[in-house]
Structure formats: C-alpha cells, structure tokens
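Step one of this worksheet: look at the structure below.
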Amino acid sequence: MSVLTDTTADLLGSGAEDRSGGQLLEISMGPQHPSTHGVFRMDVTLDGEKVVKLKPVFGYLHRNHEKIAEKESYLGCMPYTDRLDYFCSITNNWAYALAVESLAGIKVPERAEYLRVITGELTRLQNHASLVGFLMQDMGASGTPLMYAFREREKILDLFEALTGARMMCNYMRFGGCRVDAPAGWMQQAQKVVDAFPRFLDEFERMLVSNEILMARTQGVGVVTTAQAVNAGFSGPMARASGVNYDLRKVDKYGIYERFAFRVPLGDHGDVYDRYMLRVLEMRESVEILKQAMRDIPAGPIMDPGTKIRGFRPKAGEAYGRIEAPKGELGFYLVSDGSGNPYRFRVRPPSLINLTLLEDMCIGQNVADIVIILGSVDIVLGEVDR
Amino acid sequence: MLGEGILKGLTETARNFFGSYVDDERLTTVQYPEERLEQIEATRDFPFLVYDGEDWEKGMRCVSCQICEKECPPKCISIEKSKDKKPDATGKAQFYPAKFDIDISVCMSCQICVEVCPFDAIKMDVVYELSTEDRFGGLLLNKEQLSKSNEYYNKIHPTEAGAVDAALAAEREKARQAAAAKAAEAKPAATAVVGAAAVERDGTK
Amino acid sequence: MTVTFLILAGVTIVGMAAAMSLRNLVHCVLSLTLGLVGLAGLFLELDAQFVGFTQILVYVGAVAILAMFAVMMTRGAAQQQESRPTSVRISGVLIAGGVFLVLAWAMCHGLMTLGAPVQPEAEVKQIGVALMRSYVLPLEVIGLLLTAALIGAGVIAMEEKRGAR
Amino acid sequence: MNGSVRMAGTADQIFVLVKQWLMGYVPGALQPLASAVLSVVPVLLVFPLLFAITTVLERKGLGRIQNRYGPNRAGFFGILQPMADGIKSLTKEDIIPRSADHLVHLLAPLLLVVASFLVYAVLPIGRNMVIANLNAGVLFFFAIGSMVELAVFMAGWSSRSKYSLLGAMRAIAQMISYEMPLVLSAVVVIMAAGSLSTVTIVTMQATYTGIWPHWYVFTPWGLMGFVLFMIAATAESNRSPFDLPEGESEIIAGYYIEYSGFKFALFFLGEYLGMFATSAMAITLFLGGWAAPFSFLTWIPSYIWFFVKLLALIMAFIWVRGTLPRLRMDQLMNFAWKFMLPMSLVNILCAGVWHFMAAGFVRWVVVAVLVAGTCYLLSQRLKRGKRVAVRTYRFAS
C-alpha cells in the first residue's frame, strides 16, 4: 500500500538491512550539525543507536592553502599559516618559520627563542583549555565548563593582542626571529596570567574530573590501542593518551626546549577520558615551562640581523620543519628552487591525521559517543581541509 | 559513594554563581556599545596612509613605490602611480599615488604592507566599527578615506609612532645636511636624488 | 443521557471507527487512543475515578505507545494486503455481529434485573481491600502470568540478539 | 487539620473569599460553570507567567553560573526578555516539512500543552485552593502526565526527520522507564497518608510538633522517596542531565527539531509546565505543599509558601543544568532499571516497616539504616558494572 510504504518503514530503513533482519538508519551528521566542530560531515549508519558504519566527509573548508602558498613569497605565506589551525596561529607560524630557517640555515637569537616558547606554550594553554571546554559542551554540560575555559582564554588572547596586535591571527613569527619584542609591562602581565592559571585548572578538576557522569560517558569510549595509534601516525595528546611516548619537544628538542624541565604525561587506556585528562595534565606542565621561560628570558635582539625578510630567496633545496603543536605534530615541508616563492609547500596537519581512525573509534559506540569522540580528537577544520 | 563528584561539581558552580556577583575576575563580560575595552596599543586591523601636516594630498608620505602592492598576500591593495611628480612634505619632488585603493573585505590584517614599506607611509589602524550595507563599494577604501594624519597615528600607537617620527626626523635632517653639502659643492642641485636615500633603507626594522 | 455522555460516546465511537478504517497504521493507533480516552471519560462520567484514571494511565500511557512501537518496529505492517479475501470479511462481520448480540443481550438482561442503578461506592481504598481480600487469588495468578510473559519476552529478545552476533 | 481553619487568616484566604464574593453575583444556573472558570483562569494565567519568569531566571542563573550576565537588554534587567521571545516566536514563519503528517504535526504541541495544563487541576496551590479535589488526585496526575509521551511521539514521528524520530524513541524509552520509579516513589506517601487525594496529603503534613512540621521528607523513606521522585521528575521533564531526547549536541533538538515559530514555543511552554507540575507534585507529596516550614511562620499566606518552594525547586533544576554533562542512553536505562526501580521498591518496603514499628528512635534508626544501606549497595553495584574510576597518570621518564 503506497501510503504505508512511505511512512515509518521507509524512514527507518533506506534499503539497508542488518544481519538480524532489523533495519539500519542512515543519518548525515553535519555539515550543519552543531557538534562537528565546523563544517565536517559524517555519514553514519546506525543500528538502533549503535554505529555500524561511519564515513567522514571533509573538504567543505578547503581553501587551496598549499597551492596559494606556491604563488606567495616566503613572507607572504606566513599570515596564511595563521588560518590553518585558527586556534593556535602562533604555533603554526613557528612550524613554518622553523621550516624556512632550516631551509636557509638561519640562526634565531636567544631572546626570540624564549619569546617563541612563551607564546607557543600560551597557545597550548588556551587551545587545551578550550578543547576540554568544547568536549564538555559536546557532552551536554550547557556550556558551563566552556565558558570558564573561554574566560581564561580571553586573558591569554589579550596578551597576544598586546604583543602581536591581533587576538587570533597573530602572524607573529618571522624566519630569523619574531616580529616585535614584548612591549613594556607585557612580561609582568603574562606572569600574572600564568600564575593565576593553575587556579582555573583546580576549579576545572574539582568540577569535572571525579564527576560520575563524565567518567561513565568517557571511560572506555573511543579506545585507540598503542599499536593502532602508531600505525595511524597519531601524534600529540592523541598518541600520548594511547601510551605512545612521543613528544617532539623531547624528541627533536627544537628551539630551546632542552633547557626546560617538564614531564610528558602518558595514558594507559587510550579512551576519551585519557585524552581529556592528558590535556589537563599537559596544561599544568605548560605552566611549569612558562614559569621557567619567563624567569630565564635574556635581553637582546629578536631578529637575526642577517636575514632579509623581503625578497627572501633561499638556495634550492628542501626542508621539513616540525613542532609539537597543541594538536600534535605540525610539519611544513618546503621545496625551494631558488626563487622568491616556495616550489612546493606541504603541510602535515595533526588534526587530519589524528582523525583517520575516527571510524574505528566510533564503530560499536552510540550516537552520543560519536560527538565526544570527535571532540576528543581536537580537530580544527581549517587545518583538516586546508 | 555515587554522586560525590556530582556534588563537588555543584559546589563549584555555586561558587561561580555567587562569585560572579562579587568578583570582577569572574565576570569578565564587557557590555559592548556602552562599555568598551581599553585600546591595546599594539592592536591592528586595517591599513591607512599617513600624511604629514594639514593637507592630506600634499603631505602624503606614500611615493607610490608599489612594494606593498606586490607583497600584500591577498592582493588587496591597488595602486596607480602618478605620471608627474609633486613635492612631498619636505619639499622634494616625488611620485605620488594617483589611485590608492584597499579592499578591506579582502585584507587579512597581516601587517606585511607596513613591514615592507620603506617610507613609513602605511600603518595599521585600530577602528573596528566598519560595518556597512554596501557590500562591495562600502568596503573599498580610496586614497582620501585611507589618509590619516600623523597626529592620529601618534594618538593610536604612541610608542611606535614616536620611534618612526624620530627616525624620520633624523633621516630628513641627514638628507637636508647632505643636500646642503651638495649644494655647497655644486650649485645646480638635483632635487630628485633625495628620495633614493630613503628607498635604500630596508623594510626590516 | 446527558450532553457529556453523548459527546463522550461520540468521541469513543468515532475514534474506534477511525481506528478500523484509516489506512495509515500510526493514524489508526492514534485514533484508537482517542477512543480509549473517550472510554476513560465514560468511566469518569460514571464516577468511577480510579478505573477511569487507570484506563488513561495504562491504555494511553502504555498500551498506545506500545502499539506505536510495534507498528514502527515491524516491517510487516508496511506491506499490508490491498484487498482481503471475501471469506475474511464475512467471518469478520459474523464475529462482530455475534459479539454485539451477546453484549446487547447481557446489557438488556442486566438492566432488567438491576432495576435502579446502584449508587457508586468505588473508593480507591475499597478497590484495594477487594483486590487484597476477596480477589487475591485471581490477582496473584494474573501477576504470575504477567511475570512469566515478561520473562518470556526478555528471553526471546535475548535469543534474537545472540543470533544477530 | 484542626487548627487549619482557625489559623486561616484573611490574607491567606483572600483568593477564596474573592471567588465566593464574585460567585454571589452569578445566577444559580450558571454557578458550576462560573466556579470552574474562576478556578481555572487564574491557573491558566499564573503558570504561563511563571514560565515567562522562569525562562529569564534560567537564562540569568545559567549566565551567572557561567560567569556571564545573561539577558539584560530587554527591559529593566532583562525582565521583558520573555515578551521579546514571545513576539519573535509569534512572528516567525511556521515551517512544516513537506513530507510531514500535517494533522499530527499540528496536534502534537497542542496535546502536550493541554496535557501539561490538565495536571494542575489537582495541585493544591494554597489552603482551600485547588481546582478539583479528586479522590484519586495523585492517580489523575500520573495518568494525565503519561499523555505527554504520546504528544512527544506524535511530534517525533510526524516530522518525518530521522533526528526527530531518534529523539522520539529516546524520549519514550526514557519516559516509560522513569515513570515507574516516579509513581513508585510516590506510593510511600500514599501509604502513609492513606489517601490518593492531594488535598488530604497536604493537610496531613500541615501539622506541627513544637515548631517542626510533619513533612514526609523528614523521614528516611520520605527523604529517599523525595530524592528518587526528583530524579525521576528530572528525567520525565527532559531536563539536564537527562535531556537526551533533545540533546542538542547529538540529535540537535530531538523530537521538535522540525518545529518552528509558535509551535516551537508551545513545546517550550509544555516542557516547562511539565517541570513545574512535577515539582509542584514533589512539594505536595514530600515538602508539605502549602504548609509553612515552621509553626511560627504560618501567618505567611499558604500560596506564598507554595510558590517559594516551587521556585526553590526550579532553582535547583537550573543549578543542576548548569553543572552536569548529559548521560548516555544505555547509562540512563541502566540507572532507571538497576538503581531507581529497585531502590523505590525497597523504599516502599521501608515505609511498610516504618508503618508497623512503634514510633520512636529505634524505628528511625532501623529504617534509616535500611534505606541508606540499600542505596549504598545499589550504587556500588552500578559503579562496578560500569567500571569507572578516577585515574592516576604516569609520566614518561
């Protein structure tokens, strides 16, 4: 009967049928879904509320970043890197600057290295703080933890604005150093923010870490084993939550990271709770690094005097520069043909590579788990789609 | 016991609830049209052209060298060089931009034009209430709209402008002395040489 | 025969009739619910509050929803035959007519013997006392039956799940 | 009971007196109709008004919890915000999906609001202030309350959206599961009061020993019953942390995803009315209804006490919403069937024990230990089943 066939049965099953004879429901989560962290889409096949199949669809925010960069001067690429992971523009700048520096063999002055560490770790703080906030928001906590996180992030963004002139699109670093030196009083202001930050972390932990609902929701959900994490090329907190001891700050010791004492927390379960807790712990370590860096920062120039920013033409060659960005290993691969713009420009985005196991993490979980698993991966679509 | 963590969380939110009434640290909201944040000195958003003196057309520092146009990553600057030369603020004959447009709907506020400008002619502004109903024309600023006085520049970025003024003054002094020396050396002094001295100064400061 | 009775009776009959004749199964269940609400109203009209409210609680709150679920869960519902064989129709008419006759006979007979309507005295407490004293055995038997059905349903559901794995 | 009439001052009975005075002008034939109108209309006015106030309170409260101001633009301190919202929702386009079942789509919000309003008939708002003093009042409340499920189902099904269908499924599963603990936790009060009439239940509690009232919440089984009732009520009214049917981060708005404009507002209204009604029922059953908390405070009119208690419970709802993340469907079900249901059954048993033991300290201790012990055991079981724990982390050497 025609009227009947287009009712519920039709709605429930789009033709697919599972082994038990029940019907599968195909829903499209995104790109306008509120918890896909941007314009990301997942074609999910559900059995009841269980995920049977998940197909990530991305590219909605593709902007031709790598191709544009091939037409830009080396300096002109810098502001474009801000827009990759728009939460952490400074670390993006850093990775790109590092790549160009190793391409041209530029030495960075001492003070600039310290400034890079300070701004980089501040970026990590604000990224992790908002990430845990977003994760709680995905879990349905009415935005309260997110608001607390944003309250703290605001203070860090104010610091960025006072230093670089912009809150998010900082465009701060240059190959050979940093663009501007910290203005008078900036260091004291930053010191105050860093000193107050553990208070926020305590508050956060009191509020949510031992919360039964949170634990029930996150523990054992979206598990990634150590082997899986290594095979998929995970990096950053995602890899460390699965027990992979891989932190570029320790491995590469780029910049001046070997001068600071800090620890790398590792998770044993590789589930959402571990990823969430690792970020909280990493924030504490970042605060430690910041304290040491602010104590030790020397006076001096912030730019390598030998580097010409405009009309920069490195010798022909190739270089890969990578750093431990808040989201994982962020790498820039540059090939120079000796001209004023890169011959090839390639980004290794941590968000995208950490996202590759999404289906494996989600299968067998509930619809409600998809959003928190996606949230725990910490993606920014600007970086995934580029 | 079940519910312990939940109770802890509840006390924390209660503390924040009451704290927001007494603690300014907690309630950081700024009620925008009535209240405004204090201007942070380093803030930048869109470029403007600096002129010296009173008359914007006369005092424009830009000599239409078109470096910024070339360097601008999103290519939002469009300059047409003048055919003739006009005396600038110091009285030397210079090219000037016959047309200088910036499409601020394309501009990404990266400040690279400022960094590469050898004449300190283009600087970053701090105005942010730029919404307009005219989507295309309204955000395309021409030379006249872009021109702002050096006093204004000193007002919005005092430290930076002070340094620029001092450097410019020193340079002009040097140029004046050189010109005087040259004039003493050989009577028929060429006025056009002076501009070249400034071009040589690199953009990397 | 008050106005309220007429309205309620009308609602009940319309609801039940719609439940039989509508084509969309979900609409059928919804109109069935309407009929059941009308029935509950009739109980209330007779001052039998407990029965009336229980009717709503059980039939509207549980049975209707259950029927809804059943309709949505089973695919068979969607593939209903366009036309039924004549024999089915005839037997349906016969059964309905038979039931109607029996009920009508019972009602006429009952009304005759009763004469005047008895004053309703069904307080909740009295119902409880009656259930727990005079009708305790039937109650327990029904309880046992329902428990068995419940467990049976659970077992069947579990079997299916295991088979699916 | 004996002192209630004597203590009832003019201020307390003002609304009752006004009604009687107005009734004096109504001809005899119209008396029943006029009486009904005079009782119903105030309720129809007061509770939507309370809804309006609550939306502002909720948004401001949540704002303060989250260190924001909350709405403060419309009117003084934002008190006109609900008006602005109302105008907005009235003037918005009413979108009906093309493939929707139009009639059912239209009926669902209406049924929800009607059902939500109906339950107020048996709630005693003040002394002698109840629309209908039914013998089976509590039963009426639960019976009508169960109609909400139907409305939710109709909304979710008729929209023909997969998200709304998921939401409706979740909503119904949740409501059916939590209806049982809701009713069973109310049973203890019915046992103690020996009546299903809400008016009787409240008057039983409106007596005092010294200055202390005889609220049922001040007994071990009453306290447990109250907690269970409130948890179940939160789930029944789809409030956080049980707001799965509309979980905005998962299925966006659940069963009312395809509603817009005024129908959407009706859902909102229905939902809040449901929350008020269950809170009011909790007050009636456990918190002494309109009775004052201390005997020396009885001079304050009874309806004021009722609304004070109601607002306090609403605040608690807002507070919880501002704090807790949402549960998952299977956890929600586990909680209902493995904790709430057995706990409410044991609670009934405890109330029975209390009933048959002689009054005194021993009875108190025995029942308290019984209740607390069961609660502890069940929660341990629940925790073990989920294997959740706070973890410690190692650091790379």
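The values are calculated or read from the model by the stated rules, or taken from the named source; none is laboratory data. Everything quoted here is computed from the prediction, not taken from an experiment. Cβ atoms come from the backbone with ideal geometry, glycine included; neighbour counts cover every protein chain shown.
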Selection count where residues are of a type outside the set (Lys, Arg), in contact with a Phe, Trp or Tyr (Cβ under 8 Å, 6 or more places away or on another chain) and within 12 Å of chain A (Cβ to nearest Cβ), scope segment D:229-240: 0
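In this structure, does B:Ser20 turn out to be in a loop (DSSP other than H, G, I, E, B), without any contact (Cβ under 8 Å) to a residue 60 or more places away in the chain, of a type outside the set (A, V, I, L, M) and over 30 Å from D:Phe339 (Cα atoms)?
Working: in a loop (DSSP other than H, G, I, E, B): no; without any contact (Cβ under 8 Å) to a residue 60 or more places away in the chain: yes; of a type outside the set (A, V, I, L, M): yes; over 30 Å from D:Phe339 (Cα atoms): yes.
It is false that B:Ser20 is in a loop (DSSP other than H, G, I, E, B), without any contact (Cβ under 8 Å) to a residue 60 or more places away in the chain, of a type outside the set (A, V, I, L, M) and over 30 Å from D:Phe339 (Cα atoms).
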Top-ranked residue in segment B:95-127 [being closer than 20 Å to A:Tyr86 by Cβ, part of a loop (DSSP other than H, G, I, E, B) and within 14 Å of the chain's Cα centre (by Cα); ranked as farthest from the other protein chains (Cβ to nearest Cβ)]: B:Ile104
Which numbered condition A:Gly340 misses (of (1) surrounded by 24 or more Cβ atoms within 10 Å (Cβ to Cβ); (2) touching a residue at least 60 places away in the same chain (Cβ under 8 Å)): (1)
Tally, over segment B:60-78, of residues that are facing chain A (nearest Cβ under 10 Å), surrounded by 20 or more Cβ atoms within 10 Å (Cβ to Cβ) and not in a helix (DSSP H, G or I): 2
Filtered residues of segment D:220-251 (kept if part of a loop (DSSP other than H, G, I, E, B), over 18 Å from the mean Cα position of the chain (by Cα) and crowded, with 24+ Cβ neighbours inside 10 Å): D:Gly247, D:Glu250, D:Ile251
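Do the conditions hold for D:Met154, that is, is it under 16 Å from D:Glu236 (Cα atoms) and assigned to a helix (DSSP H, G or I)? I'd like the intermediate steps shown before the answer.
Working: under 16 Å from D:Glu236 (Cα atoms): no; assigned to a helix (DSSP H, G or I): yes.
No; evaluated as a whole, the condition is false for this residue.
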Criterion: surrounded by 22 or more Cβ atoms within 10 Å (Cβ to Cβ) and within 15 Å of the chain's Cα centre (by Cα) - qualifying residue of D:Gly254, D:Gly274: D:Gly274
Residues satisfying the stated conditions in segment D:107-136, i.e. part of a helix (DSSP H, G or I) and either touching a Leu at 6+ places or on another chain (Cβ under 6 Å) or facing chain C (nearest Cβ under 8 Å) (or both): D:Pro109, D:Val113, D:Ser116, D:Val122
Filtered residue count, segment D:64-106, keeping only those that are charged (D, E, K, R), in contact (Cβ under 8 Å) with a residue 40 or more places away in the chain, assigned to a loop (DSSP other than H, G, I, E, B) and crowded, with 18+ Cβ neighbours inside 10 Å: 1
Complete set of residues in segment A:247-280 that are in contact with a strand residue (DSSP E or B) (Cβ under 7 Å, 6 or more places away or on another chain), closer than 23 Å to A:Val223 by Cβ and surrounded by fewer than 21 Cβ atoms within 10 Å (Cβ to Cβ): A:Val264
Subset of segment A:55-74 [assigned to a loop (DSSP other than H, G, I, E, B) and not aliphatic (A, V, I, L, M)]: A:Phe58, A:Gly59, A:Tyr60, A:His62, A:Arg63, A:Asn64, A:Glu72, A:Ser73
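If the requirement is being surrounded by fewer than 16 Cβ atoms within 10 Å (Cβ to Cβ), touching a helix residue (DSSP H, G or I) at 6+ places or on another chain (Cβ under 9 Å) and not in a helix (DSSP H, G or I), which of these qualifies: D:Ala359, D:Ala389, D:Ala292, D:Ala316? Let's see the steps before the verdict.
On the way: D:Ala359 fails: touching a helix residue (DSSP H, G or I) at 6+ places or on another chain (Cβ under 9 Å); D:Ala292 fails: surrounded by fewer than 16 Cβ atoms within 10 Å (Cβ to Cβ); D:Ala316 fails: not in a helix (DSSP H, G or I).
Within the list D:Ala359, D:Ala389, D:Ala292, D:Ala316, the selection yields D:Ala389.
Among the residues of segment A:223-282, which ones are in a loop (DSSP other than H, G, I, E, B), of a type in the set (S, T, N, Q) and more than 19 Å from A:Asp369 (Cα to Cα)? So that I can check it myself, show each step before the final result.
If we filter segment A:223-282 for residues that are in a loop (DSSP other than H, G, I, E, B), which is where we start, we get A:223-225, A:232-235, A:242-247, A:252-256, A:260-263, A:267-271.
Remaining after also requiring of a type in the set (S, T, N, Q): A:225, A:235, A:242, A:245.
Listed by number, the residues that qualify are A:Ser235, A:Asn245.
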Matching residues in segment D:55-114 - criterion: being basic (Lys, Arg), within 16 Å of D:Ile257 (Cβ to Cβ) and modelled with pLDDT of 85 or more: D:Lys92
Residues satisfying the stated conditions in segment A:355-373, i.e. touching a strand residue (DSSP E or B) at 6+ places or on another chain (Cβ under 6 Å) and either part of a helix (DSSP H, G or I) or aromatic (Phe, Trp, Tyr) (or both): A:Leu358, A:Glu359, A:Cys362
Failed item in (1) away from chain D (no Cβ under 14 Å); (2) buried (at least 24 other Cβ atoms within 10 Å of the Cβ), with A:Ser142 passing the rest: (1)
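Output the residues belonging to segment D:87-120 that are under 20 Å from D:Pro42 (Cβ atoms), touching a helix residue (DSSP H, G or I) at 6+ places or on another chain (Cβ under 7 Å) and not aromatic (Phe, Trp, Tyr).
To start, the set of residues in segment D:87-120 that are under 20 Å from D:Pro42 (Cβ atoms) comprises D:113-120.
Next, from what is left, pick out any that are touching a helix residue (DSSP H, G or I) at 6+ places or on another chain (Cβ under 7 Å): D:113, D:115-120.
Residues satisfying the conditions are D:Val113, D:Ala115, D:Ser116, D:Leu118, D:Val119.
Only residues that are assigned to a loop (DSSP other than H, G, I, E, B) and more than 10 Å from chain B (Cβ to nearest Cβ): list them for segment A:200-219, please.
Here is the first cut: in segment A:200-219, the ones assigned to a loop (DSSP other than H, G, I, E, B) are A:210-211, A:219.
Listed by number, the list holds a single entry, A:Gln219.
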Residue match in segment D:241-257 (condition: more than 14 Å from every other protein chain (Cβ to nearest Cβ) and modelled with pLDDT under 85): yes
Test set (1) surrounded by fewer than 24 Cβ atoms within 10 Å (Cβ to Cβ); (2) in contact with a Ser or Thr (Cβ under 8 Å, 6 or more places away or on another chain) - D:Gly145 fails condition number: (1)
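Given the condition touching a residue at least 60 places away in the same chain (Cβ under 8 Å) and of a type in the set (Val, Ile, Thr), answer yes or no: does some residue in segment D:329-347 qualify?
So far as segment D:329-347 goes, no, none of its residues is touching a residue at least 60 places away in the same chain (Cβ under 8 Å) and of a type in the set (Val, Ile, Thr).
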Residues of segment B:27-59 satisfying the condition of being within 14 Å of chain A (Cβ to nearest Cβ), closer than 19 Å to B:Leu141 by Cα and surrounded by fewer than 19 Cβ atoms within 10 Å (Cβ to Cβ): B:Asp45
Breaking point among (1) at pLDDT below 85; (2) farther than 28 Å from C:Gln126 by Cα, for D:Gln174: (1)
Residues that are hydroxyl-bearing (Ser, Thr, Tyr) and more than 30 Å from D:Ala372 (Cβ to Cβ), drawn from segment D:226-267: D:Ser249, D:Tyr255, D:Tyr256, D:Tyr259, D:Ser260
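Applying the selection to segment A:166-177, what residues are closer than 24 Å to A:Gly311 by Cα and either touching a Gly at 6+ places or on another chain (Cβ under 6 Å) or facing another protein chain (nearest Cβ under 8 Å) (or both)?
A:Met169, A:Asn171
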The lone exception for A:Glu72 - which of (1) surrounded by 24 or more Cβ atoms within 10 Å (Cβ to Cβ); (2) away from chain D (no Cβ under 14 Å) it fails: (1)
Count of residues meeting criterion [outside any helix (DSSP H, G or I), surrounded by fewer than 19 Cβ atoms within 10 Å (Cβ to Cβ) and not small (Gly, Ala, Ser)] in segment D:173-211: 4
Conditions (1) touching a Phe, Trp or Tyr at 6+ places or on another chain (Cβ under 6 Å); (2) more than 14 Å from every other protein chain (Cβ to nearest Cβ); number of the one not met by A:Gly382: (2)
